[in-house]
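What follows is calculated from the coordinates using simple rules that are stated; it is not laboratory data. Keep in mind the model is a prediction, meaning the values are calculated, not measured. As a convention, Cβ positions derive from the backbone with ideal geometry for all residues, glycine included, and neighbour counts pool all protein chains shown.
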Amino acid sequence: MKVFLFIFTGILILVSTAGLGNCEDILVILSSNIKPYNECFDGLKSSVSGTVEKEYFPENKAGLEELISRIIKTPPKVLVLIGSKAFDGISSEIRDVPIVFTMVLNPKFESGQNNITGLTMNIDLKVRINYLKKIMPDAKKIGIIITPEIRKNYLRKIDELESGNSCQFTKLEVETEGELFKRLKELEGNADCILLFPDQMLLDENNFSVLLLFSFQNNIPLIGVSPKYVKMGALYGLYSDYRNSGKEAGNIVKKILSGKSPAFIPIEDIKEPELIFNKKISKKMNLKISDEIIKSAKTVYD
């Protein structure tokens, strides 16, 4: 009888060990096999310890269903979703595994889904204002164009910052492109610069060209959101290095692995961005920018 119990116990240990062997500490799903997502993954992997498994978002529905089923049956300790496609396709289906997202602009999920936290692609608004004060210390009135998308995703943060008396915003609220073009002149004399947000209406290339023309005609610099728009004619912009985004997401993963629930880890905006600067525009607008600021930029367009 004792021999039987010993053998039975040994079998149980082998079975449970085999099950654990198939369970990664961290499973990372990338939205696609492109350089930004892979660099983000490399940054994340460099900042965490434990087993890290990398997969790409499936190309078809059957593959996605198989992946979700596998995650549910053999859950990792943490599931990391890189990019909107992976987040939108998987997050709502997984309720019992901690999820960390990154490289997602404005993530949408049910308020009661407490297993999700992460890092957005937005630059923290306080960080943006602090950069603005260093680069343009004489700018007192900051113009902000409020579109329906910006109202939904950013207005609460804008109002909170304004109520703290740290800056004065001149808000131009518009519903359509036509209204934007008609009312843009209202910012003349009422804004020392225009702080742009990620927004489909404003960053459409044709619409951005109209904003640039207004900027040049009235000597009101645009504060852009990515290298593309700084190169086109914004004075400067802040963006996140993909590898650094992965590292910041890795810090969140480490908190979860140490025992903290995602429900108690706030979703974060990027706090350590890179500066890109257009020196040609600063000269065109006769802006005095310190050499220290220009030297600190990761990229300078001459």
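Need one number: convex hull volume per residue for region 223-295, Cα atoms only, in Å³.
In region 223-295, the Cα hull volume divided by residue count equals 107 Å³.
Taking only the C-alpha atoms, wrap a convex hull around region 91-236 and report its volume per residue in Å³ as a whole number.
129 Å³
Take every Cα-Cα pair in region 19-96 and report what % of them are more than 16 Å apart.
That tail contains 48 percent of the Cα-Cα pairs.
Taking Rh as the Kirkwood radius computed over C-alpha pairs, what is the Stokes-Einstein D of the chain at 4 °C in a medium of viscosity 1.567 mPa s, expressed in µm² per second?
60 µm²/s
Among the listed pairs 157/280; 108/255; 140/255; 108/228, which are separated by more than 30 Å between their Cα atoms?
Over 30 Å Cα-Cα: 157/280; 140/255.
Mind giving me the nanometre distance, one decimal, between the label points for residue 46 and residue 258, set 7 Å out from Cα along Cα→Cβ?
2.1 nm
Among 189-195, 151-157, what's the highest-first ranking by average C-beta atoms within 10 angstrom per residue?
In descending order of packing, they fall as 189-195, 151-157.
Which of the peptides 129-139, 63-73 is most tightly packed, and how do the rest follow, going by the mean number of other Cβ atoms within 10 Å of each residue?
Result, highest mean Cβ count within 10 Å first: 129-139, 63-73.
From the cross-link list 126/295; 134/254; 45/134, which pairs have alpha carbons spaced over 29 Å apart?
Those over the limit are 134/254; 45/134.
For region 193-245, state the average projected area of the convex hull of the C-alpha atoms over all orientations, rounded to one decimal in nm².
Mean projected area of the Cα convex hull: 3.6 nm².
Quick one: order 96, 199 by neighbouring beta-carbon count within 10 Å, fewest to most.
With the fewest neighbours first, 96, 199 line up as 96, 199.
Please give the calculated 222 nm ellipticity per residue for the chain, where each DSSP H segment of at least 4 residues contributes -39500 (n - 2.57) and the sum is spread over every residue; nearest 500 deg cm²/dmol?
Calculated mean residue ellipticity at 222 nm is -13500 deg cm²/dmol.
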